[in-house]
Amino acid sequence: NAGVMQNPRHLVRRRGQEARLRCSPMKGHSHVYWYRQLPEEGLKFMVYLQKENIIDESGMPKERFSAEFPKEGPSILRIQQVVRGDSAAYFCASSRPPLGNQETQYFGPGTRLLVL
Amino acid sequence: AQTVTQSQPEMSVQEAETVTLSCTYDTSESNYYLFWYKQPPSRQMILVIRQEAYKQQNATENRFSVNFQKAAKSFSLKISDSQLGDTAMYFCAFMKHDGGGADGLTFGKGTHLIIQP
């Protein structure tokens, strides 16, 4: 019973390049959440997606950041034209549909993005 | 908007002792969930315990238990018989639930717990 998978685990990019972070939810989970953790900080919510649908992107920066969760394949968090301030750990979490007590979010191991 | 406050940046106890981590939150929501997550040096986020706000009974999971005081908006975590493997960052988190769907988690800044041998 595989948990939430994220890849790559570590990603190094130069300023101006694009970063693509992937997340495969746990089996049976159809809801995906992305969080960002800056050094010495707690996690900050970025975006909440279901298959082919963005439910809440209130935590996502308006520019350069986008997320998708296609019908087939993993969820993708895309950061265009990265800047040094984008360096952080990006965590993906997944959950079952929020019915009854199914709301618990289970986290992946995170992707550490370093922008040089 | 919700806020979660963890007032203890770091705590250190001896192995086998009991330790309590504090968490307070602010919300106008009536239906919500509270969680404690653990982040060991591997940086993996691991769920420790969860509490539904509508339940008066405090949640327990083996050596981990919570003291949920809804009126005071307090949600502390007690770790009994602490072990070296409990050394980690501990994050308190809040999630509202409006009945139509779940929501993103709001996290506190964390408490770094160190268990000394």
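Structure notes:
- The listed residue being touching a strand residue (DSSP E or B) at 6+ places or on another chain (Cβ under 6 Å) and of a type in the set (D, E, K, R), out of B:Lys70, B:Lys96, B:Lys109, B:Lys55: B:Lys96
- The condition of being farther than 25 Å from B:Pro40 by Cβ, touching a strand residue (DSSP E or B) at 6+ places or on another chain (Cβ under 6 Å) and assigned to a loop (DSSP other than H, G, I, E, B) holds for only one of A:Met26, A:Met60, that being A:Met60.
- Residues (within 14 Å of another protein chain (Cβ to nearest Cβ), open to solvent by 60 Å² or more (accessible area, probe 1.4 Å) and part of a strand (DSSP E or B)) located in segment A:65-113: A:Tyr106
- Matching residues in segment B:14-45 - criterion: being open to solvent by 20 Å² or more (accessible area, probe 1.4 Å), in contact (Cβ under 8 Å) with a residue 12 or more places away in the chain and touching a strand residue (DSSP E or B) at 6+ places or on another chain (Cβ under 8 Å): B:Gln14, B:Glu15, B:Thr18, B:Thr20, B:Ser22, B:Thr24, B:Asp26, B:Glu29, B:Asn31, B:Lys38, B:Pro40, B:Pro41
- Of the residues making up segment B:1-25, those that are at pLDDT 95 or above and either more than 20 Å from B:Ile114 (Cα to Cα) or in a strand (DSSP E or B) (or both) number 12.
- Residue check for A:Ser30: within 13 Å of chain B (Cβ to nearest Cβ), open to solvent by 60 Å² or more (accessible area, probe 1.4 Å) and polar (S, T, N, Q): no
- Matching residues, segment B:60-77, being open to solvent by less than 20 Å² (accessible area, probe 1.4 Å) and within 14 Å of chain A (Cβ to nearest Cβ): none
- Residue within segment A:34-51 that is open to solvent by 40 Å² or more (accessible area, probe 1.4 Å), at pLDDT 95 or above and more than 14 Å from chain B (Cβ to nearest Cβ) present: no
The values are calculated or read from the model by the stated rules, or taken from the named source; none is laboratory data. Model, not experiment: these values are computed from the prediction. Positions of Cβ are generated from backbone atoms using ideal geometry, with glycine treated the same way; all protein chains shown enter the neighbour counts. We work out accessible area using only protein heavy atoms, side chains counted, and drop any ligands, DNA or RNA first. Shrake-Rupley method; radii C 1.70, N 1.55, O 1.52, S 1.80 Å.
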